[in-house]
Amino acid sequence: MGIYLSTPKTEKFSEDGENDRVRYGLSSMQGWRATMEDAHAAYPDLDASTSFFGVYDGHGGKVVAKFCAKYVHQQVLKHEAYAAGDIGTSLQEAFFRMDEMMRGQRGWRELAILGDKLNKFTGMIEGLIWSPRGGDSNDQVDNWAFEEGPHSDFPGPTSGSTACVAVIRNNQLIVANAGDSRCVISRKGQAYNLSKDHKPDLEVEKERILKAGGFIHAGRVNGSLNLARAIGDMEFKQNKFLSAEKQIVTANPDINTVELCDDDEFMVLACDGIWDCMSSQTLVDFIHEQLKSESKLSVVCERVLDKCLAPSTATGEGCDNMTMILVQFKKPIKSTSSAEEQSSNSESTETEPKLEGNAEK
(Lines give C-alpha, C1' and ligand atoms only; values in the text may rest on other atoms or scores of the structure.)
Protein backbone atom coordinates (compact mmCIF):
# COMPACT_ATOMS: atom_id res chain seq x y z
CA MET A 1 0.00 0.00 0.00
CA GLY A 2 2.65 2.50 -1.01
CA ILE A 3 3.88 4.41 2.02
CA TYR A 4 1.82 2.27 4.41
CA LEU A 5 2.57 -1.11 5.97
CA SER A 6 0.08 -3.99 5.84
CA THR A 7 -0.07 -3.95 9.67
CA PRO A 8 1.05 -1.08 11.93
CA LYS A 9 4.21 -1.20 14.04
CA THR A 10 2.85 -0.50 17.52
CA GLU A 11 6.09 -1.00 19.49
CA LYS A 12 6.85 2.19 21.35
CA PHE A 13 9.97 3.97 22.53
CA SER A 14 9.10 5.51 25.91
CA GLU A 15 11.00 7.39 28.59
CA ASP A 16 10.39 9.15 31.90
CA GLY A 17 12.45 11.59 33.92
CA GLU A 18 12.27 14.42 36.42
CA ASN A 19 14.15 17.00 38.43
CA ASP A 20 13.08 19.56 41.03
CA ARG A 21 11.29 21.68 38.37
CA VAL A 22 9.50 19.24 36.05
CA ARG A 23 8.39 15.67 35.49
CA TYR A 24 8.22 14.40 31.93
CA GLY A 25 7.22 11.33 29.97
CA LEU A 26 7.45 10.69 26.25
CA SER A 27 6.57 8.04 23.72
CA SER A 28 6.97 7.53 19.98
CA MET A 29 5.54 4.96 17.59
CA GLN A 30 6.07 4.22 13.90
CA GLY A 31 2.47 3.17 13.28
CA TRP A 32 1.32 2.47 9.73
CA ARG A 33 4.19 4.33 8.03
CA ALA A 34 6.85 2.31 6.20
CA THR A 35 9.60 4.18 8.08
CA MET A 36 9.95 6.15 11.33
CA GLU A 37 10.83 9.77 10.52
CA ASP A 38 10.12 11.44 13.88
CA ALA A 39 12.84 12.28 16.39
CA HIS A 40 12.81 13.98 19.79
CA ALA A 41 15.03 15.44 22.50
CA ALA A 42 14.43 15.65 26.26
CA TYR A 43 17.02 17.31 28.51
CA PRO A 44 15.44 18.25 31.85
CA ASP A 45 18.85 19.58 32.92
CA LEU A 46 20.18 21.44 29.89
CA ASP A 47 21.97 23.50 32.53
CA ALA A 48 21.44 24.09 36.24
CA SER A 49 18.30 26.20 35.75
CA THR A 50 17.04 25.18 32.30
CA SER A 51 15.07 22.31 30.75
CA PHE A 52 14.86 21.60 27.01
CA PHE A 53 12.30 19.51 25.09
CA GLY A 54 11.85 19.16 21.34
CA VAL A 55 9.92 17.15 18.73
CA TYR A 56 11.11 16.90 15.13
CA ASP A 57 8.87 15.46 12.42
CA GLY A 58 10.83 14.48 9.31
CA HIS A 59 9.49 14.36 5.76
CA GLY A 60 11.15 12.82 2.72
CA GLY A 61 13.44 10.89 5.08
CA LYS A 62 14.51 10.68 8.71
CA VAL A 63 17.97 12.26 8.63
CA VAL A 64 17.06 15.94 9.16
CA ALA A 65 14.86 15.14 12.17
CA LYS A 66 17.66 13.02 13.67
CA PHE A 67 20.20 15.76 12.93
CA CYS A 68 18.00 18.31 14.75
CA ALA A 69 17.51 16.00 17.74
CA LYS A 70 21.28 15.64 17.97
CA TYR A 71 22.34 19.26 17.48
CA VAL A 72 19.62 21.91 18.11
CA HIS A 73 20.02 21.96 21.90
CA GLN A 74 23.82 22.02 21.57
CA GLN A 75 23.65 25.08 19.35
CA VAL A 76 21.19 26.80 21.71
CA LEU A 77 23.68 26.34 24.55
CA LYS A 78 26.63 27.58 22.48
CA HIS A 79 25.10 30.83 21.23
CA GLU A 80 26.25 34.01 22.96
CA ALA A 81 22.63 35.17 23.36
CA TYR A 82 21.96 32.16 25.60
CA ALA A 83 24.72 33.19 28.01
CA ALA A 84 23.18 36.68 28.09
CA GLY A 85 19.77 35.22 29.02
CA ASP A 86 18.18 35.79 25.60
CA ILE A 87 16.89 32.28 25.00
CA GLY A 88 14.53 33.32 22.19
CA THR A 89 17.38 34.63 20.04
CA SER A 90 19.55 31.59 20.76
CA LEU A 91 16.67 29.32 19.69
CA GLN A 92 16.11 31.26 16.47
CA GLU A 93 19.80 31.18 15.59
CA ALA A 94 19.99 27.45 16.36
CA PHE A 95 17.20 26.75 13.85
CA PHE A 96 19.01 28.71 11.12
CA ARG A 97 22.31 27.10 12.11
CA MET A 98 20.92 23.62 11.33
CA ASP A 99 20.60 24.54 7.64
CA GLU A 100 24.15 25.91 7.60
CA MET A 101 25.61 22.86 9.34
CA MET A 102 23.97 20.39 6.95
CA ARG A 103 25.76 21.87 3.91
CA GLY A 104 29.16 20.93 2.50
CA GLN A 105 31.34 17.91 3.14
CA ARG A 106 30.85 17.93 6.91
CA GLY A 107 27.09 18.22 6.60
CA TRP A 108 26.96 15.43 4.03
CA ARG A 109 29.08 13.17 6.22
CA GLU A 110 26.96 13.74 9.34
CA LEU A 111 23.73 13.10 7.41
CA ALA A 112 25.20 9.94 5.88
CA ILE A 113 26.10 8.63 9.34
CA LEU A 114 22.56 9.36 10.61
CA GLY A 115 20.92 7.98 7.46
CA ASP A 116 19.99 4.55 6.24
CA LYS A 117 23.14 2.81 4.97
CA LEU A 118 21.16 0.63 2.54
CA ASN A 119 19.51 3.64 0.93
CA LYS A 120 22.79 5.54 0.74
CA PHE A 121 25.01 2.65 -0.31
CA THR A 122 27.19 4.51 -2.79
CA GLY A 123 27.50 7.52 -0.52
CA MET A 124 28.43 5.40 2.46
CA ILE A 125 31.21 3.66 0.50
CA GLU A 126 32.59 7.06 -0.50
CA GLY A 127 32.40 8.17 3.09
CA LEU A 128 34.22 5.10 4.33
CA ILE A 129 37.16 5.41 1.91
CA TRP A 130 37.53 9.17 2.42
CA SER A 131 38.51 10.76 5.72
CA PRO A 132 38.85 14.47 6.57
CA ARG A 133 42.31 16.00 6.80
CA GLY A 134 43.73 15.93 10.29
CA GLY A 135 41.19 13.43 11.54
CA ASP A 136 37.94 14.13 13.34
CA SER A 137 39.25 16.17 16.25
CA ASN A 138 37.14 17.54 19.06
CA ASP A 139 37.93 21.08 17.96
CA GLN A 140 36.51 20.33 14.56
CA VAL A 141 33.31 18.91 16.04
CA ASP A 142 32.90 21.94 18.30
CA ASN A 143 33.60 24.56 15.64
CA TRP A 144 32.05 22.72 12.69
CA ALA A 145 35.11 23.62 10.62
CA PHE A 146 35.02 23.55 6.82
CA GLU A 147 36.10 20.23 5.34
CA GLU A 148 37.56 19.58 1.91
CA GLY A 149 36.21 16.48 0.21
CA PRO A 150 34.17 15.05 -2.65
CA HIS A 151 30.98 16.63 -1.24
CA SER A 152 32.33 20.13 -0.49
CA ASP A 153 29.60 21.64 -2.71
CA PHE A 154 26.76 19.65 -1.13
CA PRO A 155 23.86 22.18 -0.95
CA GLY A 156 22.14 20.43 1.92
CA PRO A 157 19.35 17.85 2.12
CA THR A 158 16.23 17.89 -0.04
CA SER A 159 14.38 16.21 2.85
CA GLY A 160 13.37 18.25 5.88
CA SER A 161 11.85 18.36 9.34
CA THR A 162 9.55 20.42 11.50
CA ALA A 163 10.94 21.61 14.82
CA CYS A 164 8.91 22.49 17.92
CA VAL A 165 11.04 23.21 20.96
CA ALA A 166 10.20 24.32 24.50
CA VAL A 167 12.74 25.71 26.97
CA ILE A 168 11.84 26.18 30.64
CA ARG A 169 13.95 28.48 32.79
CA ASN A 170 12.68 29.47 36.24
CA ASN A 171 9.09 30.61 35.63
CA GLN A 172 9.57 31.33 31.92
CA LEU A 173 8.54 29.01 29.10
CA ILE A 174 9.99 29.85 25.68
CA VAL A 175 8.59 28.01 22.65
CA ALA A 176 10.16 28.04 19.18
CA ASN A 177 8.30 26.45 16.28
CA ALA A 178 8.80 25.94 12.55
CA GLY A 179 6.24 23.69 10.86
CA ASP A 180 3.09 21.94 12.07
CA SER A 181 4.26 20.14 15.18
CA ARG A 182 2.62 21.87 18.12
CA CYS A 183 3.11 22.93 21.73
CA VAL A 184 0.02 23.24 23.94
CA ILE A 185 -0.23 24.22 27.61
CA SER A 186 -3.01 23.30 30.02
CA ARG A 187 -3.99 26.21 32.27
CA LYS A 188 -6.82 25.38 34.68
CA GLY A 189 -7.83 22.62 32.28
CA GLN A 190 -8.06 24.97 29.31
CA ALA A 191 -5.85 24.26 26.27
CA TYR A 192 -3.82 27.14 24.87
CA ASN A 193 -1.68 26.82 21.75
CA LEU A 194 1.84 28.14 22.24
CA SER A 195 2.72 27.60 18.59
CA LYS A 196 1.11 28.19 15.22
CA ASP A 197 0.86 25.52 12.51
CA HIS A 198 2.79 26.91 9.54
CA LYS A 199 0.60 25.90 6.62
CA PRO A 200 1.13 27.45 3.14
CA ASP A 201 -2.37 28.98 2.97
CA LEU A 202 -1.78 31.24 6.02
CA GLU A 203 -1.64 34.82 4.74
CA VAL A 204 1.83 35.65 6.12
CA GLU A 205 3.25 32.40 4.72
CA LYS A 206 1.55 32.81 1.33
CA GLU A 207 2.91 36.34 0.99
CA ARG A 208 6.50 35.21 1.63
CA ILE A 209 6.23 32.19 -0.67
CA LEU A 210 4.94 34.24 -3.60
CA LYS A 211 7.47 37.06 -3.07
CA ALA A 212 10.30 34.51 -3.10
CA GLY A 213 9.12 33.14 -6.45
CA GLY A 214 7.24 30.09 -5.23
CA PHE A 215 3.61 29.10 -5.72
CA ILE A 216 0.91 27.22 -3.85
CA HIS A 217 -1.04 24.41 -5.49
CA ALA A 218 -3.53 22.18 -3.70
CA GLY A 219 -2.38 23.63 -0.36
CA ARG A 220 1.24 22.68 -1.01
CA VAL A 221 4.35 24.79 -1.62
CA ASN A 222 5.26 24.41 -5.32
CA GLY A 223 2.72 21.58 -5.37
CA SER A 224 4.82 19.32 -3.13
CA LEU A 225 5.42 20.45 0.48
CA ASN A 226 2.45 20.90 2.83
CA LEU A 227 4.51 23.07 5.21
CA ALA A 228 5.62 26.68 4.87
CA ARG A 229 8.46 26.49 7.42
CA ALA A 230 10.93 23.68 8.07
CA ILE A 231 14.57 22.89 8.67
CA GLY A 232 16.22 21.36 5.60
CA ASP A 233 14.23 21.24 2.30
CA MET A 234 17.12 23.08 0.63
CA GLU A 235 15.52 23.05 -2.83
CA PHE A 236 13.18 25.78 -1.51
CA LYS A 237 16.05 27.90 -0.13
CA GLN A 238 18.12 28.56 -3.28
CA ASN A 239 17.49 32.29 -3.86
CA LYS A 240 20.90 33.88 -3.25
CA PHE A 241 19.37 37.38 -3.23
CA LEU A 242 17.12 36.67 -0.23
CA SER A 243 17.95 36.22 3.44
CA ALA A 244 17.19 32.90 5.17
CA GLU A 245 13.93 34.18 6.66
CA LYS A 246 12.60 35.31 3.25
CA GLN A 247 13.12 32.08 1.29
CA ILE A 248 10.16 30.13 -0.17
CA VAL A 249 10.42 27.80 2.83
CA THR A 250 12.21 29.14 5.91
CA ALA A 251 13.57 27.63 9.12
CA ASN A 252 12.71 30.89 10.91
CA PRO A 253 10.74 29.92 14.03
CA ASP A 254 7.92 31.77 15.72
CA ILE A 255 9.05 32.49 19.30
CA ASN A 256 6.50 32.68 22.11
CA THR A 257 7.47 33.49 25.71
CA VAL A 258 5.04 32.77 28.54
CA GLU A 259 5.29 33.50 32.26
CA LEU A 260 4.26 30.32 34.03
CA CYS A 261 1.91 30.55 36.98
CA ASP A 262 0.38 28.19 39.53
CA ASP A 263 -2.61 27.58 37.22
CA ASP A 264 -0.35 25.89 34.65
CA GLU A 265 -0.52 22.11 35.01
CA PHE A 266 1.35 20.62 32.06
CA MET A 267 2.42 21.16 28.48
CA VAL A 268 2.42 18.84 25.48
CA LEU A 269 4.81 18.81 22.53
CA ALA A 270 3.65 16.55 19.70
CA CYS A 271 4.00 16.04 15.97
CA ASP A 272 1.04 16.36 13.62
CA GLY A 273 0.37 12.62 13.79
CA ILE A 274 -1.35 13.47 17.08
CA TRP A 275 -2.98 16.76 16.08
CA ASP A 276 -4.49 15.22 12.94
CA CYS A 277 -6.56 13.06 15.28
CA MET A 278 -7.20 15.30 18.29
CA SER A 279 -7.77 19.00 18.78
CA SER A 280 -5.68 20.74 21.43
CA GLN A 281 -8.56 20.80 23.92
CA THR A 282 -9.54 17.17 23.26
CA LEU A 283 -5.98 16.06 24.02
CA VAL A 284 -5.77 18.17 27.21
CA ASP A 285 -9.10 16.71 28.39
CA PHE A 286 -7.91 13.17 27.63
CA ILE A 287 -4.66 13.72 29.56
CA HIS A 288 -6.53 15.13 32.57
CA GLU A 289 -8.74 12.04 32.60
CA GLN A 290 -5.73 9.70 32.39
CA LEU A 291 -3.83 11.49 35.17
CA LYS A 292 -6.62 10.65 37.62
CA SER A 293 -5.49 7.01 37.62
CA GLU A 294 -2.04 6.95 36.00
CA SER A 295 1.02 8.66 37.47
CA LYS A 296 3.61 7.47 34.93
CA LEU A 297 3.61 10.13 32.24
CA SER A 298 5.04 7.92 29.48
CA VAL A 299 2.09 5.55 29.95
CA VAL A 300 -0.29 8.48 29.43
CA CYS A 301 1.58 9.29 26.20
CA GLU A 302 1.36 5.66 25.08
CA ARG A 303 -2.40 5.69 25.62
CA VAL A 304 -2.69 8.81 23.46
CA LEU A 305 -0.77 7.09 20.64
CA ASP A 306 -2.96 4.00 20.90
CA LYS A 307 -6.10 6.13 20.86
CA CYS A 308 -4.93 8.03 17.76
CA LEU A 309 -3.81 4.94 15.81
CA ALA A 310 -6.25 4.21 12.99
CA PRO A 311 -7.77 0.70 12.68
CA SER A 312 -6.96 0.81 8.94
CA THR A 313 -5.33 3.09 6.35
CA ALA A 314 -8.65 3.82 4.65
CA THR A 315 -8.80 7.52 5.60
CA GLY A 316 -5.11 8.33 6.24
CA GLU A 317 -5.97 9.94 9.58
CA GLY A 318 -4.19 8.18 12.43
CA CYS A 319 -1.70 6.56 10.04
CA ASP A 320 1.28 8.87 10.59
CA ASN A 321 4.33 8.43 12.82
CA MET A 322 3.46 9.71 16.30
CA THR A 323 5.64 11.36 18.95
CA MET A 324 4.51 13.10 22.13
CA ILE A 325 6.24 14.64 25.14
CA LEU A 326 4.20 15.43 28.27
CA VAL A 327 5.79 17.79 30.81
CA GLN A 328 4.26 18.46 34.23
CA PHE A 329 5.28 21.60 36.10
CA LYS A 330 6.14 21.00 39.73
CA LYS A 331 4.55 23.34 42.27
CA PRO A 332 5.08 25.91 43.50
CA ILE A 333 6.27 27.88 40.51
CA LYS A 334 8.20 30.91 41.73
CA SER A 335 6.39 33.70 39.94
CA THR A 336 7.06 37.43 39.97
CA SER A 337 3.41 38.36 40.33
CA SER A 338 0.22 36.70 41.50
CA ALA A 339 -1.15 33.73 39.59
CA GLU A 340 -4.42 35.58 38.99
CA GLU A 341 -2.69 38.53 37.32
CA GLN A 342 -0.54 36.29 35.14
CA SER A 343 -3.47 34.11 34.14
CA SER A 344 -5.65 37.06 33.13
CA ASN A 345 -2.80 38.76 31.27
CA SER A 346 -1.79 35.65 29.36
CA GLU A 347 -5.31 34.63 28.43
CA SER A 348 -6.04 37.95 26.79
CA THR A 349 -5.61 37.73 23.02
CA GLU A 350 -4.57 41.39 22.94
CA THR A 351 -1.46 41.09 25.08
CA GLU A 352 1.94 39.44 24.80
CA PRO A 353 3.00 36.81 25.54
CA LYS A 354 0.30 35.09 23.52
CA LEU A 355 -1.64 32.10 24.70
CA GLU A 356 -3.82 31.12 21.77
CA GLY A 357 -7.08 29.39 22.54
CA ASN A 358 -7.78 25.84 21.44
CA ALA A 359 -7.44 25.39 17.68
CA GLU A 360 -9.45 22.86 15.72
CA LYS A 361 -7.49 19.86 14.51
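The values are calculated or read from the model by the stated rules, or taken from the named source; none is laboratory data. On a predicted model such as this, the values are computed, not experimentally measured, just so you know. When we count neighbours, we look across all protein chains shown, and the Cβ atoms used for this are built from the backbone with ideal geometry, even at glycine.
If we scan the stretch 264-278, do we find a residue that is farther than 30 Å from Pro8 by Cβ, hydrophobic (A, V, I, L, M, F, W, C), surrounded by fewer than 22 Cβ atoms within 10 Å (Cβ to Cβ) and touching a residue at least 12 places away in the same chain (Cβ under 8 Å)?
No: zero hits.
Could you list, in sequence order, all residues of the stretch 292-309 that are without any contact (Cβ under 8 Å) to a residue 12 or more places away in the chain, more than 16 Å from Val268 (Cβ to Cβ) and not hydroxyl-bearing (Ser, Thr, Tyr)?
Lys292
Can you tell me which residue among Gln140, Gln105, Gln92 is modelled with pLDDT under 85, crowded, with 16+ Cβ neighbours inside 10 Å and over 22 Å from Glu37 (Cα atoms)?
Gln140
Going by what's in this entry, would Gly213 be described as in contact (Cβ under 8 Å) with a residue 24 or more places away in the chain, more than 16 Å from Asp57 (Cβ to Cβ) and not polar (S, T, N, Q)?
Yes, satisfied.
Just need a number here: residues in the stretch 279-307 that are surrounded by 19 or more Cβ atoms within 10 Å (Cβ to Cβ) and farther than 29 Å from Gln172 by Cβ.
2
Does the stretch 232-278 hold any residues that are hydroxyl-bearing (Ser, Thr, Tyr) and in a strand (DSSP E or B), and which are they?
Thr250, Thr257
Of the residues that sit in the stretch 64-89 and are basic (Lys, Arg) and surrounded by fewer than 19 Cβ atoms within 10 Å (Cβ to Cβ), which one is farthest from Ser152 (Cα to Cα)?
Lys78
Just need a number here: residues in the stretch 279-304 that are in a loop (DSSP other than H, G, I, E, B) and either of a type in the set (A, V, I, L, M) or more than 22 Å from Lys331 (Cβ to Cβ) (or both).
1
Quickly run through the stretch 1-26 and pick out the residues that are buried (at least 16 other Cβ atoms within 10 Å of the Cβ) and either of a type in the set (Gly, Ala, Ser) or out of contact with any strand residue (DSSP E or B) (no Cβ under 9 Å at 6 or more places or on another chain) (or both).
Within the stretch 1-26, Ser14, Gly17, Gly25 qualify.
Find the residue count for the stretch 27-59, including only residues that are in contact with a helix residue (DSSP H, G or I) (Cβ under 7 Å, 6 or more places away or on another chain), buried (at least 24 other Cβ atoms within 10 Å of the Cβ) and among the hydroxyl-bearing types (Ser, Thr, Tyr).
2
Suppose the filter is touching a residue at least 60 places away in the same chain (Cβ under 8 Å), farther than 10 Å from Pro253 by Cβ and in a strand (DSSP E or B); does Val184 pass it?
So Val184 fits the description; yes.
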